[in-house]
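Engineer: Pasting a structure here, questions to come.
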Amino acid sequence: MKSMKNIPILILLFFLGGSALMAQPIRKSSYEQTLRAARESFQTRNYVYALERYEEAYEDKEDRSLIDTIAWLNFQIRDYRKAERWFARILRRAEEGELNEYRYVYGQLLKMNEKYDEALEEFQKFLGHSSNDSLNTLAKNEMAGAELAKELPQTMKGVTVENAGRDLNTKVSEYSPALASNGQEVYFTTFDADDVIYVDEKNKDESYALIYKAARDDNGWEKPKALGGEINRPEFHNSNVSLSKDGRTMYFTRAQLEGNVLSESKIYFSTGGGEGWKGAQEVQGVNGEYLAKHPAIGELFGKEVLFFVADIPGGYGGFDIYYATKTGEGTFADPVNLGETINTIGDDETPYYRDGTLYFSSTGHPGLGGFDIFYSTWDGTKWSEPANMGRGFNTSVDDQSLTLDDEGYFGILVSNRPEGRSAYGRTCCNDLYTFSIAKLYADLVTGLFTIDKKPLPGGTVFLIPTQNNKPGTPDSKNSPEGNRFDFDLELEMPYTVIATHPDYFPDTMQFNTVGLTESKTFQHFFYLKPKPKLPEYDTITIEEPIVLENILYDFDDDRIRTEAESDLEVVYELMTEYPDMKIELSSHTDNRGNDKYNEELSQRRAESARRWLVRKGVDRERIVAKGYGESQPQTVSARVAALRGFLKEGDVLTGEFIDALQDEGQQEIAHELNRRTEFKIIEGPTSITIKSTRLRKKESTTPGTDRGRLIGAPQQDTTKVHRLSSLYGKKNLKGVPVMYFSKRMVELGTVKKGEKRRFAYAFVNTGDAPLTISLISACDCTTIENDPTGDTFHPGQKGIIEVTFDSSEKDEAEEIDIDIFLEEADNEGIPIRETVQYRFDIKK
């Protein structure tokens with residue numbers, strides 16, 4: 001079967017017949033004249049000229065009968081984006097099962113435009129209505145390729161691919177590169193033009209492809225020069241060079257086209273080399289009544305062979321790869337098909353052989369786009385299953401003609417990827433791309449999973465290099481649907497990796513590429529712990545006290561603050577909704593201060609809340625205001641325990657309990673929890689259900705004066721950001737928490753081996769946004785006591801991080817980093833990281 005993608009030997013040569021010149025505008029014609037010119041050009045396969053005239057005719061009359069032809073022509077000239085839009089218009093009118101072959105092509109176009117999920121849907125629809133076995137096979141192959149594209153890593157291990165640049169590439173196609181063994185010279189095919197070629201009698205010589213040669217030095221590629229008439233025969237398209245190892249024999253193709261389609265192609269050879277090439281002769285044994293192209297010198301069964309591509313009848317698909325054993329200079333035995341391991345129902349082309357490995361391009365093996373580059377190895381009797389070369393070598397469009405230098409670390413390939421130069425659309429024309437393979441490289445493969453080892457999509461991973469104890473520019477990757485993340489790494493570099501997910505606590509790991517002597521893939525799987533999920537609705541039952549989390553008061557003041565009004569508004573709405581409901585509004589203080597004073601203060605605060613509701617129109621008799629002072633310490637709920645890791649459900653926050661907490665920060669949080677206002681239903685409905693978020697804490701950036709008095713204000717200059725903070729050097733800190741440490745380095749002095757030392761780092765949030773610790777990371781010798789992970793510190797609030805150092809495994813002096821990761825990000829979207837350190841010497 002012929003491939004539906006009728007791509008000729010030289011992709012899009014643009015032989016646009018007629019009398020038009022490139023720079024000469026076409027005079028306005030009648031609709032009938034334009035349509036006649038379009039049809040004549042289509043019949044002679046001058047597809048670009050035909051498309052221009054069909055589009056002109058469509059703009060004139062909007063004749064819907066032309067849409068079909070315009071869609072197919074855009075597909076033929078590889079304008080995949082426009083073709084996708086035209087095919088979509090056609091299929092919108094189609095009933096289920098109609099135009100099924102169009103749906104197959106539409107699936108191809110979606111795949112080539114990297115819309116892999118949509119492509120899978122279209123191929124599935126196609127298969128549901130297709131009885132064409134050949135197309136069904138191709139559709140399943142396309143689906144396998146789309147699935148492969150979703151799974152393949154986004155980066156290549158130690159491979160850099162770059163456009164060869166304007167020195168080699170023009171706006172028209174370049175094709176079939178062949179590197180000399182030293183890698184300093186390349187032969188390739190292009191035209192003596194830099195734009196679409198409109199052919200007439202005056203410039204028809206420009207319309208034939210020529211073989212060029214270019215050399216490179218430290219400054220890049222020199223200007224390419226066309227080979228002489230011994231190779232470039234006039235009025236033929238000369239292309240597809242393959243060189244022998246000694247560089248003294250060249251095989252290549254001479255071809256003819258009808259419009260844009262290959263009509264004749266034969267393989268020739270020439271001898272000579274650096275001093276010049278002799279007149280070419282037709283190769284005997286490989287040419288016949290078929291199209292023969294893409295010669296490649298190789299070896300099988302200990303003998304020199306010539307691989308080549310042909311559409312010999314009886315093959316597996318459109319074009320297959322064959323080999324013929326050399327019997328003399330320019331003569332070969334009968335062609336032998338490489339078999340079904342290599343050849344497919346699609347097209348298999350551009351073979352290149354090197355040291356037992358065959359590289360080739362195919363549309364019949366699962367690929368990312370149209371033609372992908374594959375490789376297969378020869379074990380002396382059979383070929384291995386072809387393997388896709390992966391991203392970089394392959395894209396969602398067409399990638400072909402890989403060639404390597406003698407050492408094997410530098411090569412060139414051909415691609416029409418969108419970033420290249422193109423005379424018509426973004427993907428019409430091929431460019432040459434160089435690639436380099438690092439002799440020593442390092443990369444990182446990470447995966448996100450839940451704690452029960454299930455893949456976790458929707459996460460983000462940050463890779464942060466560190467130089468001189470200062471974090472460098474992070475690289476981040478996110479994947480809405482996948483859980484794998486791949487990064488290329490620099491050598492001799494320490495790294496920190498942060499794995500994050502909106503619904504899970506983050507995690508981190510550290511490693512370095514220092515001192516590698518061979519290539520290495522670092523691999524790490526993160527198993528993230530889920531954040532506690534709060535119920536969507538709360539059920540409030542009679543006599544159950546509910547904390548109004550947003551009602552806070554300034555020190556020694558009973559006036560309602562602005563942020564408290566949101567909770568009182570909810571209470572007002574409930575009292576309006578349930579007119580028979582009677583409630584108690586109660587206020588509580590912490591245990592610091594005089595008992596009687598606290599009771600009187602709490603009573604004034606409760607009455608202040610009642611007055612607010614009465615002013616809104618609630619009957620005073622429906623509200624009982626009661627101040628309890630410090631007499632009813634709070635009992636920790638499941639929700640509070642989930643948010644405050646140092647508390648357990650059922651803990652009662654008595655004075656004795658609070659005093660027993662390990663640090664000042666935890667004690668202050670407990671006191672805050674005791675300073676609360678509650679309401680409970682005492683008459684009316686036995687239960688009501690409300691959205692849980694209505695009475696949840698709203699973050700405030702303006703703490704009250706009582707909080708400032710209780711925690712104190714920083715005594716040092718806190719306006720400067722320390723170099724060990726990821727915020728260091730950032731100019732815009734508006735709306736960002738800033739973790740200021742009075743001391744970031746703790747000097748432990750001499751520590752006896754086996755001894756444990758406990759110490760602490762005091763900090764204050766000097767920013768203007770709340771600060772929540774999401775993760776603290778350190779070495780195994782470091783234990784974080786009373787871990788504050790999950791705790792939130794409002795602007796101006798202090799905290800302490802307590803640390804125990806165990807010297808049992810240490811034998812020498814060392815400086816240890818402790819990394820603190822916040823849930824909040826800076827104004828560039830990068831998670832905030834703070835680092836503190838301690839240093840010690842060891843006495844054995």
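The values are calculated or read from the model by the stated rules, or taken from the named source; none is laboratory data. Given the structure is predicted, the values throughout are model-derived calculations rather than measurements. Quick reminder, even Gly has a Cβ in these numbers, built from the backbone with ideal geometry, and neighbours come from all protein chains shown. For the accessible areas, the whole protein counts, side chains as well, though only heavy atoms, and no ligand, DNA or RNA atoms are used. Shrake-Rupley method; radii C 1.70, N 1.55, O 1.52, S 1.80 Å.
Engineer: What is the number of the single condition among (1) open to solvent by 80 Å² or more (accessible area, probe 1.4 Å); (2) over 15 Å from the mean Cα position of the chain (by Cα) that Thr513 does not meet?
Structural biologist: Exception for Thr513: condition (1).
Engineer: Continuing with the same structure: In region 770-844, which strands (runs of 3 or more DSSP E) lie fully inside it and hold 2 or more residues that are in contact with a His (Cβ under 9 Å, 6 or more places away or on another chain) and in contact (Cβ under 8 Å) with a residue 24 or more places away in the chain?
Structural biologist: Qualifying strands (runs of 3 or more DSSP E): 831-843.
Engineer: Does region 399-417 contain at least one residue that is within 22 Å of the chain's Cα centre (by Cα), under 18 Å from Leu179 (Cβ atoms) and assigned to a loop (DSSP other than H, G, I, E, B)?
Structural biologist: Scanning region 399-417 turns up no residue that is within 22 Å of the chain's Cα centre (by Cα), under 18 Å from Leu179 (Cβ atoms) and assigned to a loop (DSSP other than H, G, I, E, B).
Engineer: Determine whether region 609-621 contains at least one residue that is touching a Ser or Thr at 6+ places or on another chain (Cβ under 7 Å) and touching a residue at least 12 places away in the same chain (Cβ under 8 Å).
Structural biologist: Among the residues of region 609-621, at least one is touching a Ser or Thr at 6+ places or on another chain (Cβ under 7 Å) and touching a residue at least 12 places away in the same chain (Cβ under 8 Å), which makes the answer yes.
Engineer: Working only within region 50-95, note down all residues that are of a type in the set (S, T, N, Q), within 23 Å of Tyr31 (Cα to Cα) and open to solvent by 20 Å² or more (accessible area, probe 1.4 Å).
Structural biologist: Within region 50-95, Ser65, Thr69 qualify.
Engineer: Select from region 418-471 the residues that are within 23 Å of Val161 (Cβ to Cβ) and basic (Lys, Arg) and write down the one among them that is nearest to the chain's Cα centre (by Cα).
Structural biologist: Among those that are within 23 Å of Val161 (Cβ to Cβ) and basic (Lys, Arg), it is Arg426.
Engineer: In region 462-489, how many are touching a residue at least 40 places away in the same chain (Cβ under 8 Å) and over 22 Å from Arg723 (Cα atoms)?
Structural biologist: The total comes to 9.
Engineer: Looking at region 633-684, what helices (runs of 4 or more DSSP H) fall wholly within it and have at least 2 residues that are within 18 Å of Pro770 (Cβ to Cβ)?
Structural biologist: 638-643, 664-674
Engineer: Turning to a different aspect of this structure: Restricting attention to region 304-344, report how many residues are part of a strand (DSSP E or B) and either farther than 18 Å from Tyr290 by Cβ or more than 36 Å from the chain's Cα centre (by Cα) (or both).
Structural biologist: 18
Engineer: Any idea how many residues of region 812-832 are under 23 Å from Asp791 (Cα atoms), open to solvent by 10 Å² or more (accessible area, probe 1.4 Å) and not small (Gly, Ala, Ser)?
Structural biologist: 7
Engineer: Now a separate question. Quick check, is Lys454 in contact (Cβ under 8 Å) with a residue 40 or more places away in the chain and open to solvent by 10 Å² or more (accessible area, probe 1.4 Å)?
Structural biologist: Here the answer is no, as Lys454 does not meet what is asked.
Engineer: Out of the residues in region 177-223 that are open to solvent by 10 Å² or more (accessible area, probe 1.4 Å) and among the small types (Gly, Ala, Ser), state the one that is modelled with the lowest pLDDT.
Structural biologist: So, considering only residues that are open to solvent by 10 Å² or more (accessible area, probe 1.4 Å) and among the small types (Gly, Ala, Ser), the one modelled with the lowest pLDDT is Ala193.
Engineer: In this structure, is Arg592 in contact (Cβ under 8 Å) with a residue 60 or more places away in the chain, farther than 23 Å from Ile682 by Cβ and loosely packed, with under 15 Cβ neighbours inside 10 Å?
Structural biologist: yes
Engineer: Which condition number in (1) closer than 21 Å to Arg675 by Cα; (2) free of Cβ contacts under 8 Å to residues at least 60 places away in the same chain; (3) part of a helix (DSSP H, G or I); (4) touching a helix residue (DSSP H, G or I) at 6+ places or on another chain (Cβ under 8 Å) is the one that Ala625 fails?
Structural biologist: The single condition Ala625 does not satisfy is (3).
Engineer: Could you please give the count of residues in region 99-109 that are open to solvent by 60 Å² or more (accessible area, probe 1.4 Å) and either among the small types (Gly, Ala, Ser) or not in a helix (DSSP H, G or I) (or both)?
Structural biologist: Of the residues in region 99-109, 1 are open to solvent by 60 Å² or more (accessible area, probe 1.4 Å) and either among the small types (Gly, Ala, Ser) or not in a helix (DSSP H, G or I) (or both).
Engineer: Also, quick follow-up: Tell me, please, whether a residue that is farther than 25 Å from Ser436 by Cβ, touching a Phe, Trp or Tyr at 6+ places or on another chain (Cβ under 6 Å), part of a helix (DSSP H, G or I) and free of Cβ contacts under 8 Å to residues at least 24 places away in the same chain can be found in region 110-132.
Structural biologist: yes
Engineer: Considering only residues that are among the acidic types (Asp, Glu) and part of a loop (DSSP other than H, G, I, E, B), look in region 137-176 and name the one that is surrounded by the most Cβ atoms within 10 Å (Cβ to Cβ).
Structural biologist: Ranking the qualifying residues of region 137-176, first place goes to Glu174.
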